[in-house]
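Here the structure is laid out as structure tokens; the discussion comes afterwards.
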Amino acid sequence: MQTTSLSVLLVDDQPARMQTLQDALHASGHTVVSQLTGVHGLSEHVQQCKPDIVIIDMDSPDRDTLESMAAMSRDAPRPIVFFAEQEQDAVTIGEAIRAGVSTYIADGLQPDRVRPIIETAIAHFHHYQQLRTELDSTRDQLASRKVTEKAKGLLMKHHNCSEEQAFKTLRKLAMDRGQKLTDVASEVIRMFEASAHQGENRR
């Protein structure tokens, strides 16, 4: 797989090492759009310069780096390649992956490996994003189903109707109002809960 030309945000606190990596990126057809010597404000910087990929080259991922990468992955997700110049234990590598690192290279920068490493990082990133989208969708569906089931239960209890009748009532309300079934179900729940609360206050 051959990646197209990518815009790269490069993070390295050593100028000579940064220049070596920049040369390797240019040789692979990529453009370094910004350079940082540290990870402070990484998320905000990514949102401003909008790189295709972030490459971090440092001795090891310290706590500040892990937190900055996690914030970036949450607020402005991009593939992250991390070149660690020092060997790390499995715990540290695992923390880096959880913070959003797509590809972790534990033996430092080797210029001739930049292209395949970037391609692997992008593939990992897109796969992870797809899994996260599917997971979010599943969670939304489960939450919607839970709300609908609760609304049906309240209608069945207070109107002495069957589950099928309760569902038809919700569906008709949604169609009449031009709303989503989940939104109508939420309104029904709020209505019954408000009514119950008022009843308790009268006691």
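The values are calculated or read from the model by the stated rules, or taken from the named source; none is laboratory data. What you are looking at is a predicted structure, and each value in this text was computed from that prediction instead of being measured. Don't worry about glycine lacking a Cβ; one is built from the backbone with ideal geometry, like all the others, and counts go over all protein chains shown.
Under the condition of being surrounded by fewer than 14 Cβ atoms within 10 Å (Cβ to Cβ) and modelled with pLDDT of 90 or more, the residues counted in the stretch 27-36 number 1. Glu44 meets the conditions (1) of a type outside the set (Lys, Arg); (2) free of Cβ contacts under 8 Å to residues at least 24 places away in the same chain; (3) touching a Lys or Arg at 6+ places or on another chain (Cβ under 7 Å) in every case but one. The failed one is (3). Is it the case, given these coordinates, that Lys146 is without any contact (Cβ under 8 Å) to a residue 12 or more places away in the chain and not hydroxyl-bearing (Ser, Thr, Tyr)? Yes; evaluated as a whole, the condition is true for this residue. Here the condition is being over 20 Å from the mean Cα position of the chain (by Cα), outside any helix (DSSP H, G or I), in contact (Cβ under 8 Å) with a residue 12 or more places away in the chain and at positive phi; of Gly29, Gly38, it holds for Gly29 alone. Could you please let me know if Glu119 is in the same structural domain as Asp13 (by TED's automatic domain parsing), under 30 Å from Ile56 (Cα atoms) and among the charged types (D, E, K, R)? Judged against the criteria, Glu119 is not a match.
Restricting attention to the stretch 63-113, the residues being surrounded by fewer than 17 Cβ atoms within 10 Å (Cβ to Cβ), basic (Lys, Arg) and under 19 Å from Asp52 (Cβ atoms) number 2.
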